Amino acid sequence: MRVAVFRWKAVVPLLVLGGVVLGLWLVFADGIARRTAESVGTTLIGAEVEIERLHLDFPHGRVEIHGLTVASPFAALQNLLQAEALVADLEPLPLLEKKLVIDRLTATGLRFGTPRLTDGRTGGQADGVMGQVTRWGEQLQVPGLALPTGKISAARLDPAQLTTPRAAAALGARADSARQAWDSQLKGLHVDATADSARRMAERLRGAKATDVTLLGDARRTLGQLKQAQDRVTALERSATSGIAALQSGAAGLTDAKQRDYATARGLLKLPGLDAPDIGAALFGSAAVERFQRALYWVELGRRYMPPGLLPRATPGPTRARRAGATVRFPQANGEPAFLLKTAELSVQLGAAGTAPRTYAASVSGVTSDPALYGRPAIASAAAPGFRLGALLDHVRPTPRDTATASLAGVALPPLSLPSLPIRLEPGAGTLALSLAVQGDEVRARWTMQSDRVRWTRDSSGAATSSPTGDLVWRVVSGIPTLAVSASLTGSLARPQLAVSSNLDRALAERLRAVAGAELAAAERRVRAQVDSLVDGQVAPVLAKVTALGGDVTRRLGGERTQLDDARKALEQRLRELTRLPGVRLP
Amino acid sequence: MLVLKLLQSLFKALHSEGTPGQLAAGLALGSILGLTPLWNLHNAVVFALIIVLNVSFAGAMLGWALFVPVGFLLDPAFDWIGRTLLLETPALRPLWTALYNAPVVPLTSFNNTIVLGSLVVAAALWVPLFLASRWGVVRYRATVAERVRRSALYRSVVASKLYNLYRLFRPEA
């Protein structure tokens, strides 16, 4: 039996079914596109994207979106932006390649940072970027605010750490050694014997005649011995004087050693860090890191969805009952990018604190999933009185380069709670500025916040309770009416370095130093007394020994010299009496 | 209800007037619907083939129903196959690049690892599945079909309203 290949009678029902499906799709296309746009947007941003109404205008190749709300991926009850209407003119042919090329997008009624009732943050694909940025922020060590609490602690002073006792012992040994040497040398001079010999010679000369040549010769020899003894005493005196001076210098060195020991003991005092930058980082570091994290989140998101180069790129597939898998894009040189927003004209509503919002213009161009195909960087710019924004995402070359700068004056600055202190800062209206440059892996960013009329409040309901530290900080900061904070980020993304400073730093640091100064002086007195108690008992006997040695040697040498001088004087007197005879001359 | 539908499909397919080849072809085509993610352009083509070609519609529904759980179970394998073909086979990259940048083809989502992996497996299984199921239907009809046809269960199933719907798409002799 031959079986027909085609079931011709089913062709018409099939065509009807196809027509019905097409009709249903056209009827529900707006809803399908709206849900798809919400889903894709939510996945991209990492926060809820809600659209009130979306209309596909097929004849004009246009998409109209009304009531767009994009939740903030950072704050629970805040929107990133809201737009009253967006109209996108599409190029139809790329749609056949499942590519979206928007010639021109106009957005009206854009508002930023509006409040919302529910938490719009979601997990998903962007969660990887958020997690990455969160981990990045955690490596930026924000120091805690370590203020003195009235007590300065000191580590135990180990006597072995002190140098004075060792120096004193060495000096004592040197003094003993010198005393022994000088004693020995004094004995070796035989001054008594020489003086006695001279005195006896003088007695012999008393009854002698000038013609007794032998006796006169003996007298001359004795006189020569006296002179030699005097010379030896003089040499010993010189040596002793030098030795005593060295010992006295050693004694003075003990005073220096004691000063060093004081310094060692002071080094054992544990003082809090009172440098201004530390305080700035402690007070505003977290806020600065949060701002840098937000900026970096968009940079990383841009790099993920606008990567350089033309290599195949895998992204998570669509959410469905089956496993999502990965969807791979294969960009082709000279082909259309998978997504391209050529130009966008935005009507932004901004208002200074306490004033009605005004409408300003902004523009965006060159946002594409394949910058290498488009060949131009993505640019965003906006300018209005008190507001300036410029951003350039250049992913055309292999090394991406992202720069952005924004400043907003007269804006209501967000309140800050000082970490671990029951103090809240309400900056009021002020100026915010952020500049960021990320080239490859190198980052350079700066965030500043200025306000002329800040308000400080004590938060009695928070977890942080009142403390001496909190009271001290409160007394200092509550009298400061202005605020100027500057935070900078440098280095590589893998090893960033954060530096924060503010005008509060110096005021707070000076006050803290004053408070800490009194306690520091008392602590220093305590450690000096401790050093004195360990050192003085060993130093005083040595100093006394050196002093006594100097006096003793000087006295003894003086006695020896006097003895020799007297003997010489007497001998010379006797000889002069003998030589008064005419014709006799003393040699 | 699902089990009842499955039974109806099974009975209607096995006891239809269609040849074993028609039944096996329908089942093999239906297996593509089951193995691959349903809402894709290629499945519209497969569905159109099931309607237009003179194959067993019940067999196709049976194949779809039978292979849906298999598809879920094999998703990790499909993902691996698709990833290997799309990302880890440089020789195929020019082909994928050309297809990705050709009109209409990207609408099939061939560049999704699950879609491509499951479609490749379904295509590879089509002929073996066709041959095996044709042999199975022949054996069934030659051995136990008559006894089943006389059973109360069979009569109750074929008497349901769904059977009338099936008759619209039963294979033509």
If you check residue B:124 against the conditions, is it at pLDDT 95 or above, within 24 Å of residue A:312 (Cβ to Cβ) and more than 13 Å from chain A (Cβ to nearest Cβ)?
-> yes
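Being without any contact (Cβ under 8 Å) to a residue 40 or more places away in the chain and more than 7 Å from every other protein chain (Cβ to nearest Cβ) is the filter; apply it to region B:78-92 and report the residue that is surrounded by the fewest Cβ atoms within 10 Å (Cβ to Cβ).
Pass one, region B:78-92, residues without any contact (Cβ under 8 Å) to a residue 40 or more places away in the chain: B:79-80, B:82-92.
Narrowing further to those that are more than 7 Å from every other protein chain (Cβ to nearest Cβ): B:80, B:84-85, B:88-92.
Working: B:80: 15, B:84: 14, B:85: 18, B:88: 10, B:89: 12, B:90: 8, B:91: 6, B:92: 14.
Checked region B:78-92; the qualifying residue surrounded by the fewest Cβ atoms within 10 Å (Cβ to Cβ) is B:91.
Just checking, how many residues over region B:83-94 are within 23 Å of residue A:95 (Cβ to Cβ) and at pLDDT below 95? It would help to see each step written out before you state the result.
Just the residues of region B:83-94 that are within 23 Å of residue A:95 (Cβ to Cβ), to begin with: B:86.
Going one step further and asking which of them are at pLDDT below 95, we end up with none.
Final tally of qualifying residues: 0.
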Answer yes if at least one residue in region A:216-226 is closer than 30 Å to residue A:550 by Cα and surrounded by 14 or more Cβ atoms within 10 Å (Cβ to Cβ), and no otherwise.
-> yes
Number of the condition not met by residue A:337 [criteria: (1) away from every other protein chain (no Cβ under 14 Å); (2) surrounded by 20 or more Cβ atoms within 10 Å (Cβ to Cβ)] = (1)
Mind counting the residues in region A:21-70 that are acidic (Asp, Glu) and over 28 Å from residue A:118 (Cβ atoms)?
-> 1
What number goes with the only condition from (1) outside any helix (DSSP H, G or I); (2) buried (at least 17 other Cβ atoms within 10 Å of the Cβ) that residue A:499 does not pass?
-> (2)
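For the condition touching a residue at least 40 places away in the same chain (Cβ under 8 Å) and either in contact with a Ser or Thr (Cβ under 9 Å, 6 or more places away or on another chain) or of a type outside the set (A, V, I, L, M) (or both), what is the one hit in A:373, A:389, A:393?
On the way: A:373 fails: either in contact with a Ser or Thr (Cβ under 9 Å, 6 or more places away or on another chain) or of a type outside the set (A, V, I, L, M) (or both); A:389 fails: touching a residue at least 40 places away in the same chain (Cβ under 8 Å).
Just a single option satisfies the conditions, and that option is A:393.
Out of all the residues in region A:529-537, is one or more of a type in the set (A, V, I, L, M, F, W, C), modelled with pLDDT under 85 and either at positive phi or assigned to a helix (DSSP H, G or I) (or both)?
Going through region A:529-537, the residues of a type in the set (A, V, I, L, M, F, W, C) turn out to be A:529, A:531, A:534-535.
Filter once more, keeping what is modelled with pLDDT under 85: none.
Scanning region A:529-537, I find no residue that is of a type in the set (A, V, I, L, M, F, W, C), modelled with pLDDT under 85 and either at positive phi or assigned to a helix (DSSP H, G or I) (or both), so the answer is no.
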Return yes or no: is residue A:222 polar (S, T, N, Q) and more than 18 Å from residue A:560 (Cα to Cα)?
-> no
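Please pick out the residue among B:102, B:98 that is within 22 Å of residue A:331 (Cα to Cα), within 12 Å of chain A (Cβ to nearest Cβ), assigned to a loop (DSSP other than H, G, I, E, B) and of a type in the set (Gly, Ala, Ser). It would help to see each step written out before you state the result.
Numbers: B:98 fails: assigned to a loop (DSSP other than H, G, I, E, B).
B:102 is the lone residue from the list that is within 22 Å of residue A:331 (Cα to Cα), within 12 Å of chain A (Cβ to nearest Cβ), assigned to a loop (DSSP other than H, G, I, E, B) and of a type in the set (Gly, Ala, Ser).
Quick check: anything in region A:298-317 under 23 Å from residue A:107 (Cα atoms) and in contact with a Pro (Cβ under 6 Å, 6 or more places away or on another chain)?
Let us first name the residues in region A:298-317 that are under 23 Å from residue A:107 (Cα atoms), namely A:298-299, A:301-302, A:305-306.
Adding the requirement that they be in contact with a Pro (Cβ under 6 Å, 6 or more places away or on another chain) leaves A:306.
Checked against the condition, which is being under 23 Å from residue A:107 (Cα atoms) and in contact with a Pro (Cβ under 6 Å, 6 or more places away or on another chain), region A:298-317 yields at least one hit.
Are there any strands (runs of 3 or more DSSP E) wholly within region A:361-445 with 2 or more residues that are buried (at least 20 other Cβ atoms within 10 Å of the Cβ) and within 25 Å of the chain's Cα centre (by Cα), and if so which?
Working: elements: A:378-384, A:387-394, A:401-412, A:423-426, A:429-439.
Output list reads A:423-426, A:429-439.
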Please identify the pairs in which a residue from region A:469-490 that is in contact (Cβ under 8 Å) with a residue 24 or more places away in the chain has its Cβ atom under 8 Å from the Cβ atom of a residue that is acidic (Asp, Glu) and surrounded by fewer than 20 Cβ atoms within 10 Å (Cβ to Cβ), counting only partners at least 6 apart or on another chain.
-> A:481/A:452; A:482/A:452
If you scan region A:13-62, which residues turn out to be hydrophobic (A, V, I, L, M, F, W, C), over 21 Å from residue A:327 (Cα atoms) and either touching a residue at least 60 places away in the same chain (Cβ under 8 Å) or not in a helix (DSSP H, G or I) (or both)?
-> A:47, A:49, A:51, A:54, A:56, A:58
Restricted to region A:313-331 and to residues being hydroxyl-bearing (Ser, Thr, Tyr) and under 18 Å from residue A:368 (Cα atoms), the residue farthest from the chain's Cα centre (by Cα) is A:327
Of all the residues that make up region A:1-51, how many are away from chain B (no Cβ under 13 Å), in contact with a helix residue (DSSP H, G or I) (Cβ under 7 Å, 6 or more places away or on another chain) and not hydrophobic (A, V, I, L, M, F, W, C)?
-> 4
Could you identify the single residue in B:132, B:58 that is more than 7 Å from every other protein chain (Cβ to nearest Cβ), closer than 24 Å to residue B:22 by Cα, surrounded by 15 or more Cβ atoms within 10 Å (Cβ to Cβ) and small (Gly, Ala, Ser)?
-> B:58
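Do you know which residues across region B:93-111 are surrounded by 14 or more Cβ atoms within 10 Å (Cβ to Cβ) and out of contact with any strand residue (DSSP E or B) (no Cβ under 6 Å at 6 or more places or on another chain)? Before the answer, list the steps.
Step one: of region B:93-111, the residues surrounded by 14 or more Cβ atoms within 10 Å (Cβ to Cβ) are B:93, B:96-97, B:99-101, B:105-111.
Passing the criteria: B:93, B:96, B:97, B:99, B:100, B:101, B:105, B:106, B:107, B:108, B:109, B:110.
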Might you check whether a residue that is of a type outside the set (Gly, Ala, Ser) and farther than 30 Å from residue A:297 by Cβ occurs anywhere in region A:62-75?
-> yes
Subset of region B:14-47 [within 8 Å of another protein chain (Cβ to nearest Cβ) and over 14 Å from residue B:108 (Cβ atoms)] = B:19, B:21, B:22
Inside region A:307-328, can you point out the residues that are at the interface with another protein chain (Cβ under 7 Å from one of its Cβ atoms) and either closer than 18 Å to residue B:103 by Cβ or β-branched (Val, Ile, Thr) (or both)?
-> A:327, A:328
Is it the case that some residue within region A:118-126 is modelled with pLDDT under 80, in contact with a Lys or Arg (Cβ under 8 Å, 6 or more places away or on another chain) and assigned to a loop (DSSP other than H, G, I, E, B)?
-> no
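The values are calculated or read from the model by the stated rules, or taken from the named source; none is laboratory data. No experiment lies behind these values; they were computed from the predicted model shown. Note that we place each Cβ from the backbone using ideal geometry, even for glycine, and neighbour counts take in every protein chain shown.
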